[in-house]
Amino acid sequence: MMRCIFRLFARSAPTFSEARPPDAASIAALHKASFQRGWGEDEVYRLLVDNTVVAHRSMSGHTMTGFILSRMAAGEAEILSIAVAPRQRGRRLARPLLDLHLRRLAGLGARAVFLEVDEHNAPARALYRRAGFYDVGKRKSYYQSGASALVLRRDLG
């Protein structure tokens, strides 16, 4: 009896894998929950079928808890978006998801990865700094809120 109760309330360890076109609806829903201007399912689907886009997801059972998408070109990659479900934040999902993604990009030949982050997004900035990203530029008043975007880079090899 206790074992059944324990299983009912126990959290399963997240799994990390490549995201595929059937994940478009879940990624779009998570993106909308995470950003001021969320992407639509069609937008995400078009990214997932693009052969220059690399995408990963984290799952807890059958529920998507995070995703990351990048586009590759000429030996470089740009992280287009990364998000963790609001109820899963603070549970250390973003770093293993980012690390898996960076290893895959390196394996595909990317020598450098770029991204933009809101200058006021302290948790994201801390994640990227711990992962080895550094500042290479700033886009003033880039976001609708008026905040600037920091342009970050990480060399992969």
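The values are calculated or read from the model by the stated rules, or taken from the named source; none is laboratory data. The model shown is predicted, which means the values in this text are computed figures rather than measured ones. Virtual Cβ from ideal backbone geometry, glycine too; neighbours counted across all protein chains shown.
If we scan the range 9-31, do we find a residue that is modelled with pLDDT under 80 and of a type in the set (Gly, Ala, Ser)? Yes; the residues of the range 9-31 include at least one that is modelled with pLDDT under 80 and of a type in the set (Gly, Ala, Ser). The residue that is modelled with the lowest pLDDT, among those in the range 46-93 that are among the hydrophobic types (A, V, I, L, M, F, W, C) and outside any strand (DSSP E or B), is 93.
Filtering the range 21-37 to residues that are under 14 Å from the mean Cα position of the chain (by Cα) and not in a helix (DSSP H, G or I) leaves only 35.
Applying a threshold of 7 Å to beta carbon distances and a minimum spacing of six or more residues, or different chains, the list of pairs starting in the range 103-118 at a residue that is farther than 15 Å from residue 134 by Cα and ending at one that is modelled with pLDDT of 95 or more and among the polar types (S, T, N, Q) reads 105/70. Of all residues assigned to the range 50-70, at least one qualifies as being loosely packed, with under 13 Cβ neighbours inside 10 Å and touching a strand residue (DSSP E or B) at 6+ places or on another chain (Cβ under 6 Å).
Assessment of the range 99-115 against the conditions (on the phi > 0 side of the Ramachandran plot and either surrounded by 12 or more Cβ atoms within 10 Å (Cβ to Cβ) or outside any loop (DSSP other than H, G, I, E, B) (or both)) yields at least one matching residue. Hey, could you check the range 120-134 for residues that are modelled with pLDDT of 95 or more and in a loop (DSSP other than H, G, I, E, B) and say which is nearest to residue 63 (Cα to Cα)? Taking the candidates together, the pick is 131. Figure legend. Inter-residue proximity from the range 37-50: first residues small (Gly, Ala, Ser), second residues part of a helix (DSSP H, G or I) and buried (at least 18 other Cβ atoms within 10 Å of the Cβ), beta-carbon distance below 8 Å, spacing 6+ or different chains. Indicated pairs: 38/28; 38/31; 40/28. For the criterion of being closer than 22 Å to residue 53 by Cβ and under 16 Å from the mean Cα position of the chain (by Cα), residue 111 fails.
Does residue 106 qualify as being under 20 Å from residue 151 (Cα atoms) and at pLDDT 95 or above? Outline the logic, then answer.
Details: under 20 Å from residue 151 (Cα atoms): yes; at pLDDT 95 or above: yes.
Here the answer is yes, as residue 106 does meet what is asked.
What about residue 33, is it in contact (Cβ under 8 Å) with a residue 12 or more places away in the chain, surrounded by 17 or more Cβ atoms within 10 Å (Cβ to Cβ), among the small types (Gly, Ala, Ser) and over 21 Å from residue 108 (Cβ atoms)? So residue 33 does not fit the description; no.
Of all the criteria given as (1) surrounded by 15 or more Cβ atoms within 10 Å (Cβ to Cβ); (2) of a type outside the set (D, E, K, R); (3) in contact with a strand residue (DSSP E or B) (Cβ under 7 Å, 6 or more places away or on another chain), the one not satisfied by residue 96 is (1).
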